[in-house]
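Read through the structure below, which is laid out as structure tokens, and then see the notes.
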Amino acid sequence: MPVTLEEFERIYEGAVEDGQAPRGLFKQAYDGAVIATSYAEILLHQALRVHGPDAPLAYPDTAYFLPVITALSGEKVTKVGELPQILNRLRSQIREELTFENARRCGEATLYAAEIIEALRYLEGIGEHPEPWTGFLSDPVVRRYGIKLVDWTIPGQAVLLGRARSSKDAAKLVAELMGYGFMIFASDEIIEQLIEEDVKLGIDYIAFPLGSFTQVIHAVNYALRAGLAFGGIPPGQREEARDYQRRRVRAFVLHLGEIDEVKVAAHFGAIFLGFPVITDQEVPEQLKDWWVSHPNYEDLVAFAMELRGIKLTGAKVDIPLNFGPAFEGETIRKDDVHVEMGGGRSVAFELARMVGPDDIKDGHIEVHGPDIDQFKEGDRVPLGVVVEIYGRKMQEDFEGVLERRIHYFMNYAEGLWHVAQRDLCWLRVSKEAFRKGFRFQHFGKLLIAKFKDEFPAIVDRVQVKIYTEEETVRALLKEARSKYHARDERMRGLTDEAIQEFYSCLLCQSFAPNHVCVITPERVGLCGAVTWLDGKASFEINPTGPNRPIPKGPATDEVKGMWPAVNEAIRVSSNGNLEEVNLYTLMDRPMTSCGCFEAIMAILPEANGIMITTREHKGSTPVGMTFSTLAGMVGGGVQTPGFMGIGRSYLTSRKFITADGGLARVVWMPRELKEFLGQDLVDRARELGLGDDFVDKIADETIGATVEEILPFLEERGHPAFALPSLI
Amino acid sequence: MSPRHRNTSLGFAATAKQPGAKPRRDADARRTQDPAACELLEEAQARGITTAFDRFIAQQPQCGFGLDGVCCRVCLQGPCRINPRKAGMEKGICGAQDYTVVARNLARAIAGGTACHSDHGRHIAKVLLHVAEGEIGEENYRVSDPEKLRRIATRIGLETEGVAVADLARRVALAALADYGRHTDETCTWLTTTITPGRQTKFKHCAIAPTAIDRSITDIITQTAMGMDADPVNIIFGGLKTALSDYTGMHLSTDLSDVLFGTPTPVLSQANLGVIDPAYVNIATHGHNPTLSSLVVDAAQELAGEARQAGAKGVNVVGICCTGNELLMRDGVYLASNVAGQELAIMTGALDAMIVDIQCIMPSVRAVAECYHTAVIATNPLVKIPGAHHVDFREETALATAKEMVRLAIRSYGKRDPAKLRVSEHKQDVVAGWSLEALFELLGRIDADHPARVLTDAILEGEIRGVALFAGCNNLKVNHDQSHLAILKGLLANDVFVVATGCSAGAAAKAGLMAPGSYEEYGGEGLKKFLARLSQAGATRHGLPAVFHLGSCVDNTRAADLWTAMARELDVDVPKVPFVASAPEAMHEKAVSIGSWVVAMGIPTHVGIMPQIEGSELVYGVGTQIAHDVYGGYFILDPNPTTAVERLLDALEYRVWKLRVHRKAADRFGAALTAGY
């Protein structure tokens, strides 16, 4: 049942206490809305005079037009000339009577005004910002952090507006928020304050310096796109969109520094979406739970989280470095490296293994060999990391699952950089991290803390051994390799046919309430982050959590991959939204998508094949759409035959759309994806008998980005898709 | 409810709105910092002469509605007084709200100021045209600076190669006059060709780039009539468009005045009432327009013999207000007083004639003159004073008319009453004449190709903290000259490079802040070092002052040219240039229009007199805070000189900080410098 206005607005009950309305505050909201909408009107009509009504208007790389307008009233604006009537409608809802309800309407009008003002900047060619400022955040950025939002790695969004009392205070607030994993939107001078203090900023750090003034709207159009992209909320369902924001986007606004009318009107825009506003100013009037003053920075973040109802679990990691998902995307340039390990530069490996209860001392860390301070700057250090785990419910199958987490956990520390895994791992420690006191034992500290925190049900005890002497590392590496080999053998045996249970994944339902992933041994979740073993481990950790086993039982269609048990599971889990699903085809009742897929595949009838594009690929594709545009069609838990969101590694699966002809159908993908899949793709093609040169028969953007451009290439190379039965 | 100014203090001192104190009745009419003025106010008291100082007291308390800007008189149903706290009175009879009324009154003040400046500019342009066309004889006016004429012509896109001076003068004059009445949609030439590309874009996007000066004045009067615009933002933007017309008229006025009368170069002179020498026939020229007064100077020299025959040593022309500044800048004529002291000059008993042209002429000069022998001569068809002489001044017969007036003064000299002589000893040496060209020549001693870079480098290196323009009037709501001097001294001591125009320059000159070498007394260590460096970099005829006199109030665009040059050197738009402006004693409507375009240009602008906008929180917020978000400039409204100094320094420090951080970001990310401010 759609949410009604009346139902939604119950959240505001009790804000005005005993009829003591903060009329001065409401007047500011009114004045601010007058200013914002009048300014938007002036800019808009000037743009119309200069560019004409048919001038195209768009934010870069989004499928949601002007998302504030798309989400709240449904108009899919593509031309300047469509805006006047929308702006006029919003202007007409600005009322003089000073009530909370009218202040929220003023806030809504201000959101529209800001969206129009900012979209016009792109029309005028002054929208783009140099780094680190972001301006509008494109759809791929929204999707990139989808998975972290849904699993609450990112516990909420903090919108920081204005200027803190000092740059140091700003840095401290942001470090605290980053430590908790918050997604941060910053606007106005707090950005300069953070740059001054060398705080890591930018898309890679989930800390977006948007710009100034009305550019704060880019936090709002980001949040509203989450509802459209993951929530499957149809455009224009205003109350649904607001309800989604209130329930699932756990945002709050911290307003730092002096306040003016436009800012207050914008605050009421946030309140209109269900987000509270906290100011650091002493103010004469407040609005209970919604617009409140809290001048003390010491517990400002805690206060804001409490107000928004964000509770954190998880232990503090006791290392001398900032720690949180914000730093996962951090790169450490060559000049900033103190020492590095692995990556072909020195011998290195990492191994997680289960041990018996008597072989482990919980929390124990051993460093064998010289510590980091005994190496010179620029040294390449041999490294062995062995994580030993005991747990009553631990299984050998989980070793690989846990071992892969080493990568994420290490990257969470500011100043540590980690890629790949096993004996291919490559690590860097920055000069800054070393200066702050990082020593090898801290690898152990952070790994122990995170393993116990994230896998409490299967990890009872952890100890970590670090080795830095080449001889020892080489000796242990042999042992590790035999372990890897054994695991790989086991994985090869893990086929869809060989096991009895699939796993559902409802992780994304926190944001995409009707979407269900069915995870099989040979089909990774579309986010690329959840494998069948992950699902299994997750179920062990929390039997009522996001992953539940689906005893698959007999299939009704072995080819397309339909199991009545799977249908029943998805029917229940999708709230009755989906009835049936086929696991091995994208043409008939395919799997749905939440929104955080790594790649999208789409049929290309002219080539009798399919094409794939990725979040990273910005250009157009042979179906005539960019990733963002395609993504706008497939998210939100809806079945869209012919299109599907997938994880990158699904391409090399033995169960890759087998009903449709499998890998032989693939006629186009970005070069970057080819390189990413590398030898695995070549091997898989060879296994299928498609020949050693199959990958070279797949077109990419260097061949062309339209059907016309790639068809001659495919024909010339003799692509096998032409020989397959017709797709449609 | 919230702090009502844009807080740019990097230390973030807690501040709150400082509402303008309503003027109170003050028993002491000797409210001045000027020792000469103080003596003469005592004289006035002794003789029972009423001055503006007395009348200010008599006017207290002034109307609160008027002070707040919520008194609406644009239609005959009014006056309506808006009182948001009183039921039924929140709106005028037509329903206009506080913000509409305040915005309208403000915009109309801008229109008034713009009309004044642009009329002045049109007059100069017409003189140049008539000179070029040979309608005015050489003996009256001529092109004195053909090089500047060429530079202007090149800037506005005219072909100069092989074009004779007269022809070029005609084309430039016509181009200037075209900026008054263009009927097509191109932006005014004198605006677009003198500002940064960033400002051009900004003004265009915001629809405030004027196409014709006269039209924007007409538009804003129309827009603010009864039953027209009610939208405060639209009215304010209309006001800004008018203010940019003001800029246009002012800029062309300065340009063409330089062409006709010469571009000022450093010149030594003196200032304050002590320059009125009883041994001479003393003539004060008062007002703003140099066309007449420059010929009075010529005529005075020619008729010195007649004066000697009458028993005087010769003819001593002195200046008051901005006519005084014009003559001081170009001819080194003594400056007797700024605007507040105009009546006092007569009370020296030694002033034989006061020739007035346009603007800031208090009708009271005639009444004071009644008690003395002084002949008050009005010369402009728009400026007549009952009981005063009126001479219909025309450019074609300018010199002859000037001579006629000097002779009148010589006759008047004979009627002096020795008993009424109250000559002042107070005067200060002044080195004036700092046109932008002169300033650049000075700065160019260190870097001839990039004179503005000498300033920006010194700022980035921390030797000086920025540049400040002091402008504006005297306003008897505060102690005469006190705010000017307190803020000037405060900024100098804190290493700010200061330029000044108009009556603010007058205050500085009278107080010795423009005396040769005065920077050594008033400058902070950094400023002293900087100016000593400039001083030693080349031969200086006169020692450098602490405050550089840029010209009359119509010459404020010289300062705009300076910040534009600095913006170019820094490769940023104006809102990032460490430059502030202050009008400590703003009074005239012209100050309102100047302040408005200075803000639109992107400069933090202090005003030491509360403008009549406190009746609308919206207008107040737009002016003091939100203007920054849109234009980069904003008003700092603060009558307290001590906190004003702090805020101006904060604004400079903040810009230097931002520049530094933006450069750091560009460096760290290998990206372009952000255009954000």
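Straight-line reach from A:LYS697: which lysines fall under 23 Å, measuring Cα to Cα and dropping same-chain residues less than 8 apart? Cα-Cα hits under 23 Å: A:LYS618, A:LYS655, A:LYS674. Approximating the spin labels as points 7 Å out from Cα along Cα→Cβ, the B:THR222-to-A:ASP289 distance works out to 5.4 nm.
Put a plus charge on the Cβ of each Lys and Arg, a minus charge on the Cβ of each Asp and Glu, and nothing anywhere else: the dipole of region B:98-261 about its Cα centre is then about 380 debye. Have a look at A:PRO295, A:SER593, B:MET601 and report the one farthest towards the positive end of the charge dipole of the protein assembly as shown, computed about the Cα centre with Cβ charges (Lys/Arg +1, Asp/Glu -1). Comparing the listed Cα positions along the dipole, A:PRO295 ranks first.
Exposure here means at most 13 other Cβ atoms within 10 Å; with GluC sites (Glu not before Pro) in a DSSP loop as sites, the longest stretch of chain B lacking them is B:462-677. Measuring how big region B:429-669 is from its alpha-carbon positions, Rg and Dmax come out at 16.9, 54 Å. Accessible area per residue (1.4 Å probe, heavy atoms of protein chains only) ranks B:VAL547, B:VAL656 as B:VAL656, B:VAL547, with the largest value leading. Stokes-Einstein diffusion for chain B at 37 °C, viscosity 0.692 mPa s, with a Kirkwood radius from C-alpha pairs, works out to 129 µm²/s. Taking the square roots of five times each eigenvalue of the Cα gyration tensor of region A:312-443, the equivalent ellipsoid has semi-axes of 25, 17, 15 Å, listed largest first. Between A and B, buried accessible area from a 1.4 angstrom probe totals roughly 4000 Å², ignoring ligands, DNA and RNA.
Straight-line cross-link partners of B:LYS384 among the aspartates and glutamates, defined as a Cα under 13 Å from its Cα and at least 8 positions apart when in the same chain: B:ASP357, B:ASP392.
Accessible surface for the protein assembly as shown, divided over its residues, is 35 Å² per residue with a 1.4 Å probe.
Would you mind classifying region A:482-531 by shape? Square roots of the alpha carbon gyration tensor eigenvalues, ordered a ≥ b ≥ c; an a/c under 1.5 is rounded, otherwise it is prolate if a/b is larger than b/c and oblate if not. Prolate is the answer for region A:482-531, as a/c is 1.5 or above and a/b outweighs b/c. Remark: region B:573-634 carries a charge dipole of roughly 180 debye about the Cα centre, counting +1 on each Lys and Arg Cβ and -1 on each Asp and Glu Cβ. On the principal axes of its alpha carbon atoms, region B:144-184 extends 30, 19, 14 Å, with the longest extent given first.
Residues of region A:26-49 whose accessible area, computed with a 1.4 Å probe over protein heavy atoms, drops by at least 50 Å² once all protein chains are present relative to their chain alone are A:ILE35, A:TYR39, A:ILE42, A:GLN46.
Quick check: the angle from helix A:23-51's long axis to the longest principal axis of chain A, C-alpha only, nearest 10 degrees? Roughly 80 degrees between the two axes. List the pairs from A:LYS288/B:LYS86; A:LYS431/A:LYS452; A:LYS79/A:LYS263; A:LYS172/A:LYS445; B:LYS489/B:LYS528; A:LYS168/A:LYS200 whose alpha-carbon separation is above 21 Å, in the order I gave them. Correct reply: A:LYS288/B:LYS86; A:LYS431/A:LYS452; A:LYS79/A:LYS263; A:LYS172/A:LYS445. Over chain B, DSSP H runs of length four or greater, each weighted -39,500 (n - 2.57), average out per residue to a 222 nm ellipticity of -14500 deg cm²/dmol. Counting only alpha carbon atoms, the long axis of helix A:671-687 and the longest principal axis of chain A meet at about 30°. For region B:273-420, carbon and sulfur atoms together expose 50% of the accessible surface, with a 1.4 angstrom probe and every protein chain in place. Rolling a 1.4 angstrom probe over region B:429-669 with all protein chains present gives an accessible area of which 47% lies on carbon and sulfur atoms.
Legend: P(r) of region B:98-261 from all alpha carbon pair distances, 10 Å bins from 0, whole percents, reading 11, 37, 30, 15, 6, 1.
Between B:THR374, B:VAL339, B:GLY319, the Cα set farthest toward the positive side of the dipole of region B:273-420 (charges on each charged residue's Cβ, about the Cα centre) is that of B:THR374. Counting Lys and Arg as +1 and Asp and Glu as -1 over every other residue whose Cβ lies under 15 Å from the Cβ of B:GLY517, the net charge comes to +1.
Taking a ≥ b ≥ c as the square roots of the eigenvalues of the alpha-carbon gyration tensor, region B:44-156 is classed oblate because a/c is 1.5 or more while a/b is no larger than b/c. Going by alpha carbons, how many degrees (0 to 90, nearest 10) lie between the helix axis of A:707-717 and the longest principal axis of chain A? Tilt relative to chain A: about 10 degrees. Within chain B, the whole DSSP H helices whose Cα atoms reach 20 Å or more along their own axis and whose mean Kyte-Doolittle score is at least 0.0 are B:98-132, B:165-181, B:232-261, B:398-413.
Panel note: the C-alpha atoms of chain A, placed on their principal axes, show extents of 76, 64, 47 Å (largest first). By its C-alpha gyration tensor, with a ≥ b ≥ c as the square roots of the eigenvalues, how is region B:273-420 shaped: rounded for a/c under 1.5, else prolate for a/b larger than b/c, else oblate? Cα axes put region B:273-420 in the rounded bin. Past the 28 angstrom mark, what percentage of all C-alpha to C-alpha distances in region B:407-559 do you count? In whole percent, the share of Cα-Cα pairs in region B:407-559 beyond 28 Å is 27. Dipole magnitude for region A:331-405: computed about the Cα centre from +1 point charges on Lys and Arg Cβ and -1 point charges on Asp and Glu Cβ, it is near 240 debye.
Once the Kirkwood radius over Cα pairs is known for the protein assembly as shown, the Stokes-Einstein relation at 10 °C and 1.306 mPa s delivers a diffusion coefficient of 44 µm²/s.
Across all directions, the average flat footprint of the convex hull enclosing the Cα atoms of region A:53-128 is 5.3 nm². Per-residue surface analysis assigns B:ARG663 an accessible area of about 100 Å², computed on protein heavy atoms at 1.4 Å probe radius. Helical runs (DSSP H, four residues minimum) scored at -39500 (n - 2.57) apiece and divided by the length of chain A put the mean residue ellipticity at 222 nm at -11500 deg cm²/dmol. Compare each residue of region B:200-227 in its chain alone against the assembly with all protein chains, and report those whose accessible area goes down by 20 Å² or more; 1.4 Å probe, heavy atoms. Residues shielded by partner chains are B:LYS204, B:HIS205, B:CYS206, B:ALA207. Percent of C-alpha pairs per 10 Å bin in region B:391-434, short distances first: 20, 24, 32, 23, 0.
Residues whose amide H lies under 5 Å from that of A:VAL666, counting only those 5 or more places away or on a different chain, are A:ILE610; hydrogens are built 1.01 Å from N in the peptide plane.
Its Cα gyration tensor gives region A:460-569 an equivalent ellipsoid. The semi-axes, each the square root of 5 times an eigenvalue, are 34, 19, 11 Å from largest down.
Since only A:THR626, A:LEU111, A:ILE233 are under comparison, the one whose Cα sits farthest along the positive direction of the charge dipole of chain A, derived from C-beta charges on Lys, Arg, Asp and Glu, is A:ILE233.
Estimated at the nearest 10 Å², the accessible area of B:ILE636 is 10 Å² with a 1.4 Å probe.
The values are calculated or read from the model by the stated rules, or taken from the named source; none is laboratory data. For clarity, every value in this text was computed on a predicted model and none was experimentally measured. We place every Cβ from the backbone using ideal geometry, glycine too, and count neighbours over all the protein chains shown. Ligands, DNA and RNA are stripped out before the accessible areas are found, and what is left, the full protein with its side chains, is counted by its heavy atoms. Shrake-Rupley method; radii C 1.70, N 1.55, O 1.52, S 1.80 Å.
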